[in-house]
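A.B. asks: First, the structure itself, so that you have it in front of you.
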Amino acid sequence: MAIRSFFLFILFFSSSLSPVFSLYEDQVGLMDWHQQYIGKVKQAVFSSQRAGRKRVVVSTEENVIASLDLRHGEIFWRHLLGADDVIDGIDIGLGKYVITLSSGGSILRSWNLPDGQMVWESSLQGPKHSKSFLLVPTNLKFDKDNVLVVFSNGRLHAISCIDGEVLWKKDFEAESFEVQQVILPPGSDLIHVVGFAALSQFEMYQINAKNGELLKHESAFFSSGFSGQVSLVSTETVVALDSTGSILLTISFQDGKISSQQTPISNLVEDSLGPAVIIPSSVSGIFAIKTDAVTIFIRVIGKGNLEVVEKTTHEIAVSDALSISEDQQAFALIQHASSEIHLTVKLAHDWDGNLLKESVKMDRQRGLVHKVFINNYIRTDRSYGFRVLIVMEDHSLLLLQQGEIVWSREDGLASIIDVTTSELPVERDGVSVAKVEHNLFEWLKGHMLKLKGTLMLASPEDMAAIQSMRLKSSEKSKMTRDHNGFRKLLIVLTRAGKLFALHTGDGRIVWSYLLRSLHKSEACQSPIGLNLYQWQVPHHHAMDENPSVLVVSRCGPSSDTSGVLSFVDTYTGKELSSLSLDHAVVQVIPLPYTDSTEQRLHLLIDADKHAHLYPKTSGALSIFKREFSNIYWYSVEDQNGIIKGHALKCKCTGEVADEFCFDTRDLWSVVFPSESEKTIATVTRKLNEVVHTQAKVVADQDVMYKYISRNLLFVATVAPKGSGEIGSVTPEESWLVAYLIDTVTGRILHRVTHHGSQGPVHAVFSENWVVYHYFNLRAHRYEMSVIEIYDQSRADNKDVWKLVLGKHNLTSPISLFSRPEVITKSQSYFFTHSLKAIAVTSTAKGITSKQLLLGTIGDQVLSLDKRFLDPRRTVNPTQLEKEEGIIPLTESLPIIPQSYVTHALRVEGLRGIITVPAKLESTTLVFAHGVDLFFTQLAPSRTYDSLTEDFSYALLLITIVALVAAIFVTWRLSERKELQEKWR
Amino acid sequence: MKWVEVIVSFILTLSFLSFPSCGFQSDELLVDDEEFGLEGAPQHRSPEPIPTRSPPVTSPTRKRHSDLDSDSKIQFSLDHAFGDSDFSPAGTFSARLKTWSHGGQNLLESDDFYRIRLPSNVLSPPGRDFIISSVKARCLPRESLDEHFVIHMEGVNVLAVNYGSPGSCPYPRNLKLPAKWSFSSHTVLKNSEQAPRAPVFTEEILGGENAEGEVVQPAERSFWAKYWMYLIPLGLIVMNAITQAMNMPEEQATGQVPAQGQPSAGAVQRGPSSAVRRR
């Protein structure tokens, strides 16, 4: 024990000499990569500037505004608005300002187009919630000031484009008025606001654009009511559907007079189709309706005469109109054929003629086209050319021009739901060094350069070459398993229902697969992916199998809709099989058992509290039967504040005999009083965490035994009043209670109240400790607390003689039904940052000391040594405690600038941090995701088990050679001398 | 760890719980000073404090036997279930069912769960939901059926109950029938602890000057404890030197003895030794 503690001490000492593990400048990008995304594009506006770089400004569902290079798709600039600052509309004003309307139409901002600096921001209030519209008229002027027209929150505003000042405003206070369109007829000073009132009244307001004066208000009553949106077919005509979705209403309000015409859809199309919806578009003279299977394009001729121009069963997407000359409007239409998409650009008044018709080969893994944005340019032969920006089902963004995909962006990766990892294939014979390094000459040259670098003979150009060689090192991006376990596949599931495999070496996409089971279908209306689990991790007797992952998804937002399972091979990215379940999936419990083909057993709990075992094989069932009575789980009912523990009871007692279905029973419950506590966070240990030793040697040669149980649950509750924003309550009426609960027996092992504290709580559980972060209202600061839990029942095993004679209880089995004898130690510290995520490093054997990884509010990842969060820190640690590594107590935790894992980069919109152990004990792999992705390797106690990258092999070699030479020389010398002496 | 042990008068202890029961008397502590009505009327608040019936909280643990008075003011009932059977009343809290009578033996044979439940609100049972707890049946039998309750309370609400045997219950649980089929119970009530506050050093900086001289010197360690890492190699070197010094004269002796006493063997040995000398 003494020896081990001595080693630990040495280890600590060596690490405490330089407690900061920062990078050198030339190490950036060696082991880490960073990818920037923007998310699924909602709206795109092309900059029409003649000079300068071509760009497109987009707003996305991740609340990003970005300016993209139209030639390459790179990001010029980008802003991530807050999570609740949803963008409603964007446009470009005066050719140099990007105008954005966000937060339900209450914030209007202007950004400088070239560099993305904010120019002004104004807040728009209104009487009630409504749809919001942002219109940027090109010719509407007000005292030489260009004007923006914004309708939001039931109020129409005219706003100066230069400084965001509100020039005039007009309220639409009528209770039931729902605005549908705001129309600015070109060349006039009128604004038309049309909408519905009381579900069956059509209202039209005519407003003077100069001063906001109401000129005319007309209304008309439609007994059949309205449904859905309206489509604007000209500046004075809209088309709507009645409440049954079967009659088209063409309403025109020429000169302020409302006239209308009703056309049943069945008059236009022979066969009945069921209820239809209008596809919103703004092409003049044409609109589209969509029923379950058919999309119909209808032309409006004259005053309310409708004519079907096209009926298609293909999936179709239409762009908005683009005016290409005074009276001509073009729009783009994309239709799907099996593996191609057909792009047609038509003039609005001429359906039959095509301006452009192209076919583009499209990867099936991108799914359907969701959105089309059209832009024109002038070709070298002075004719009009068109390019379109399309948004696909997998959220990727592509630019099509001249029948080709000019660039594409995988923006689905901006919304990752879940991450897991997979090993790469083992290196097969036949892959030699020569194949990897291009040829021997290159290889030699590289090594010569490196040698020059180490001997400091290299010129700056050589240094640059060495640096680029290091960055591009093919070693790290090979598709085979490496000895240190640094190369892995990160399997990520995105919100679009697509799986990506990213290589940890350089972050490239190895394969991607749009899950078929997550496609919309008859049975599954709005499928959403939930989680990823490792299904098959072959390692010893099933080495030939490929590993696979399980994707659990469900057919709708509520938890009682039926679930779908898909199994995907992680080497090839092919779906092995998929299962449509006849039950819901409320909870998935990966069991620590595998069957003969190394498939991991999973227990799925449905809404009726039945447990279903997967895979449904007899082998799995027999393994499961053996462990039947040892399976416990818990469920958290957030709404009720109840935590329940469950166990299996017997086979399902349904009418259908299903041997893989089991009834369950409640074993315990914890009911938090609803008037004083509300659960806001629950955290457990990671299932695959490895703990190296149970014993912890403390300063005075004493041993403490960690209470290590996989079944511990950390729960944080706050006062219901204090569950809102920070500062919304006084310290007196807010408190936070932290619990440690055993999930097998429901015992509360520890319970502690923090008075005057408030959530949000971020917590991480590892080994025998939990660290949680919350806000202290009294101190007006964030705090981090640590709870460590120790087992007292083994505490008397300190005596060496007991250990020698075997009179200890260390090997006796532990049962959680025994009364636990635990003690806890806790301590709180102030911390400066608020957090977005928290994680802890994990290593292969759990020997290396731990670091906490904190996702700060600035979207960076900060590493903090766990030693700072030791509950045994005291103000004046004794000499022995100092040797053990206890840091003197401070009131707040230090933030060391060099310990930012993300160094200078930011992971915009940070949502999660995942740590994966490498095979090398000292190293852990860290993947942080949000809108951006970031990956790096960390060595919390430095790489004590391998030579560093910059280790000078040349110097070692030279030393050895010199030593050998010296040995030979001295040997010769001594022999000669001996001979001479002999002859003397 | 502050916990109050209670045997009979559960309610009386409740009144005690309503006061901060912790050593750290912070002025921040917010405990509602409500007294609970004795008669258990829902939402009823008695204006008077609890009658001064002295609570027998002095003994640390006491077995509660079946001969307890049953007229104590009971606020909630305790239900139990054998395995999967429905919950049946096991009696009110202070007068538990005396025996396991039927079902108990079967339960022990199958080592199934013995479950109990409590209302989550003491004043208006069952509150929002019942608190359930369970234990493997074979954990209970000792001399009699030993059980141990830890009831976690927050005001009038019962949060959770830890139920089990008072001692350990290691895995290979053998079937052992109790001598007496009656329960002996230990009950512990637990209230929430206060978290230690984050250290604030402002005062200590002021008082730090005076305390400077009083900094506790680490206990002076013995010479050996301090320098053992130097002493051991030193000792080894010394020992090495001594053995070498011991060997030296011996070698000389062995070098000389054969030369004198055994000339025949000495002739063989002289070769190398003369070579050494020549060198």
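A.B. asks: I'd like the residue in the range A:378-418 that is of a type in the set (S, T, N, Q) and free of Cβ contacts under 8 Å to residues at least 12 places away in the same chain and, out of all such residues, is farthest from A:Ile324 (Cα to Cα).
C.D. replies: If we take residues in the range A:378-418 being of a type in the set (S, T, N, Q) and free of Cβ contacts under 8 Å to residues at least 12 places away in the same chain, then A:Thr380 is farthest from A:Ile324 (Cα to Cα).
A.B. asks: Could you tell me whether A:Leu199 is hydrophobic (A, V, I, L, M, F, W, C) and assigned to a strand (DSSP E or B)?
C.D. replies: Judged against the criteria, A:Leu199 is not a match.
A.B. asks: Which condition number in (1) part of a strand (DSSP E or B); (2) more than 30 Å from A:Pro720 (Cβ to Cβ); (3) within 14 Å of chain B (Cβ to nearest Cβ) is the one that A:Pro592 fails?
C.D. replies: A:Pro592 satisfies all of (1) part of a strand (DSSP E or B); (2) more than 30 Å from A:Pro720 (Cβ to Cβ); (3) within 14 Å of chain B (Cβ to nearest Cβ) except (3).
A.B. asks: Identify, please: which residue in the range A:888-910 is within 13 Å of chain B (Cβ to nearest Cβ) and not polar (S, T, N, Q) and is, among those, farthest from A:Ala939 (Cα to Cα)?
C.D. replies: Applying the filter and picking the extreme gives A:Glu891.
A.B. asks: Any residue at all in the range B:191-199 that is facing chain A (nearest Cβ under 8 Å), assigned to a strand (DSSP E or B), closer than 27 Å to A:Thr679 by Cβ and under 23 Å from the mean Cα position of the chain (by Cα)?
C.D. replies: Looking for residues that are facing chain A (nearest Cβ under 8 Å), assigned to a strand (DSSP E or B), closer than 27 Å to A:Thr679 by Cβ and under 23 Å from the mean Cα position of the chain (by Cα), one finds at least one in the range B:191-199, hence yes.
A.B. asks: Here is a further query. Taking the range A:218-256 only, how many residues are part of a loop (DSSP other than H, G, I, E, B) and either of a type in the set (A, V, I, L, M, F, W, C) or without any contact (Cβ under 8 Å) to a residue 24 or more places away in the chain (or both)?
C.D. replies: So the count comes out to 5.
A.B. asks: Any chance the range A:140-150 includes a residue that's surrounded by fewer than 16 Cβ atoms within 10 Å (Cβ to Cβ), touching a residue at least 40 places away in the same chain (Cβ under 8 Å), out of contact with any helix residue (DSSP H, G or I) (no Cβ under 9 Å at 6 or more places or on another chain) and assigned to a loop (DSSP other than H, G, I, E, B)?
C.D. replies: No, because not a single residue in the range A:140-150 is surrounded by fewer than 16 Cβ atoms within 10 Å (Cβ to Cβ), touching a residue at least 40 places away in the same chain (Cβ under 8 Å), out of contact with any helix residue (DSSP H, G or I) (no Cβ under 9 Å at 6 or more places or on another chain) and assigned to a loop (DSSP other than H, G, I, E, B).
A.B. asks: Still on this structure: Looking at the range A:889-920 only, could you name the residues that are in contact with a Lys or Arg (Cβ under 6 Å, 6 or more places away or on another chain) and modelled with pLDDT of 90 or more? Explain how you work it out, then say what you get.
C.D. replies: Our first condition is that a residue be in contact with a Lys or Arg (Cβ under 6 Å, 6 or more places away or on another chain); within the range A:889-920, this holds for A:889, A:910.
Of everything in the range A:889-920, just one residue is in contact with a Lys or Arg (Cβ under 6 Å, 6 or more places away or on another chain) and modelled with pLDDT of 90 or more, namely A:Leu910.
A.B. asks: Hey, which of the strands (runs of 3 or more DSSP E) in the range A:723-798, taking only ones fully inside, have at least 3 residues that are within 13 Å of chain B (Cβ to nearest Cβ)?
C.D. replies: Output list reads A:735-742, A:748-755, A:769-776, A:781-791.
A.B. asks: Going by what's in this entry, would A:Lys357 be described as surrounded by fewer than 19 Cβ atoms within 10 Å (Cβ to Cβ), at pLDDT 85 or above, closer than 20 Å to A:Val406 by Cα and touching a Leu at 6+ places or on another chain (Cβ under 9 Å)?
C.D. replies: Yes; evaluated as a whole, the condition is true for this residue.
A.B. asks: Taking the stated definitions as given, is A:Val568 in contact with a strand residue (DSSP E or B) (Cβ under 6 Å, 6 or more places away or on another chain), modelled with pLDDT of 90 or more and either in a strand (DSSP E or B) or within 15 Å of A:Thr420 (Cα to Cα) (or both)? I'd like the intermediate steps shown before the answer.
C.D. replies: Details: in contact with a strand residue (DSSP E or B) (Cβ under 6 Å, 6 or more places away or on another chain): yes; modelled with pLDDT of 90 or more: yes; either in a strand (DSSP E or B) or within 15 Å of A:Thr420 (Cα to Cα) (or both): yes.
So A:Val568 fits the description; yes.
A.B. asks: Next question. Identify, by number, the condition in (1) at pLDDT 80 or above; (2) closer than 26 Å to A:Leu687 by Cβ; (3) within 12 Å of chain B (Cβ to nearest Cβ) that A:Ser815 doesn't meet.
C.D. replies: Every condition holds for A:Ser815 apart from (1).
A.B. asks: To continue, here is another question. Taking the range A:268-301, which residues are in a loop (DSSP other than H, G, I, E, B) and among the β-branched types (Val, Ile, Thr)?
C.D. replies: Listed by number, the residues that qualify are A:Val269, A:Val283, A:Thr291, A:Val294.
A.B. asks: Additional query: Taking the range B:108-165, which residues are at the interface with chain A (Cβ under 8 Å from one of its Cβ atoms), surrounded by 20 or more Cβ atoms within 10 Å (Cβ to Cβ) and basic (Lys, Arg)?
C.D. replies: Across the range B:108-165, the qualifying residues are B:Arg115, B:Lys136.
A.B. asks: Going residue by residue through the range B:172-185, is there one that turns out to be surrounded by 10 or more Cβ atoms within 10 Å (Cβ to Cβ), within 13 Å of chain A (Cβ to nearest Cβ) and modelled with pLDDT of 55 or more?
C.D. replies: yes
A.B. asks: Can I ask one more? Mind checking which residues of the range A:640-682 are of a type in the set (Val, Ile, Thr), more than 8 Å from chain B (Cβ to nearest Cβ) and in a strand (DSSP E or B)?
C.D. replies: A:Ile643, A:Thr664, A:Thr679, A:Ile680, A:Thr682
A.B. asks: Tell me which of these A:Ala293 doesn't satisfy, since it passes every other one: (1) surrounded by 14 or more Cβ atoms within 10 Å (Cβ to Cβ); (2) within 43 Å of the chain's Cα centre (by Cα).
C.D. replies: The single condition A:Ala293 does not satisfy is (1).
A.B. asks: Let me ask something additional. On the given criteria, is A:Gly304 of a type outside the set (D, E, K, R), touching a residue at least 24 places away in the same chain (Cβ under 8 Å) and within 23 Å of A:Arg409 (Cα to Cα)?
C.D. replies: no
A.B. asks: May I pose another question? When you go through A:Ser734, A:Ser766 one by one, which is the residue that is touching a helix residue (DSSP H, G or I) at 6+ places or on another chain (Cβ under 7 Å) and either surrounded by 24 or more Cβ atoms within 10 Å (Cβ to Cβ) or modelled with pLDDT of 90 or more (or both)?
C.D. replies: A:Ser734
A.B. asks: In this structure, does A:Phe934 turn out to be assigned to a helix (DSSP H, G or I), away from every other protein chain (no Cβ under 14 Å) and among the aromatic types (Phe, Trp, Tyr)?
C.D. replies: For A:Phe934, the condition - assigned to a helix (DSSP H, G or I), away from every other protein chain (no Cβ under 14 Å) and among the aromatic types (Phe, Trp, Tyr) - is not met.
A.B. asks: Hand me the list of strands (runs of 3 or more DSSP E) wholly inside the range A:41-136 holding 1 or more residues that are modelled with pLDDT under 90 and out of contact with any Phe, Trp or Tyr (no Cβ under 9 Å at 6 or more places or on another chain).
C.D. replies: Because the criterion is at least 1 residues that are modelled with pLDDT under 90 and out of contact with any Phe, Trp or Tyr (no Cβ under 9 Å at 6 or more places or on another chain), the strands (runs of 3 or more DSSP E) in the range A:41-136 that meet it are A:87-93.
A.B. asks: OK, next. Please go through the range A:693-722 and give me each residue that is more than 21 Å from A:Val764 (Cβ to Cβ), part of a loop (DSSP other than H, G, I, E, B) and modelled with pLDDT under 85, ordered by number.
C.D. replies: Within the range A:693-722, A:Ala699, A:Asp700, A:Gln701 meet the criteria.
The values are calculated or read from the model by the stated rules, or taken from the named source; none is laboratory data. Please read all numbers here as calculations on a predicted model, not as lab measurements. As a convention, Cβ positions derive from the backbone with ideal geometry for all residues, glycine included, and neighbour counts pool all protein chains shown.
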